[in-house]
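The values are calculated or read from the model by the stated rules, or taken from the named source; none is laboratory data. All figures in this text were calculated on a predicted structure; none of them were measured in a lab. Neighbour counts run over all protein chains shown; Cβ positions are idealised from the backbone, glycine included.
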Amino acid sequence: MAAIPLPFFGRQTELEALRIRCAEPGLTIVKGPPKIGKTRLLREFKERTRKDNSRRI
């Protein structure tokens, strides 16, 4: 059975920073301690970007 994703909130600053960085050419690396939410942040960013149809990730 697939897990139900939890609502995403409280990371607007990080999402905006990713949006700005990904608008520029080059590579963006997201790093941090284990279990801090890097994967969840990137999945949310990817989903929102897909909805905007603005960029391929």
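Here are the numbers:
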| quantity | calculated |
| --- | --- |
| Single match in Arg55, Arg40 (criterion: modelled with pLDDT of 90 or more and of a type outside the set (Asp, Glu)) | Arg40 |
| Within segment 7-19, considering residues that are surrounded by fewer than 10 Cβ atoms within 10 Å (Cβ to Cβ) and not polar (S, T, N, Q), the one modelled with the highest pLDDT | Gly10 |
| Exclusive hit being loosely packed, with under 13 Cβ neighbours inside 10 Å and modelled with pLDDT of 90 or more, set Ile29, Ile4 | Ile29 |
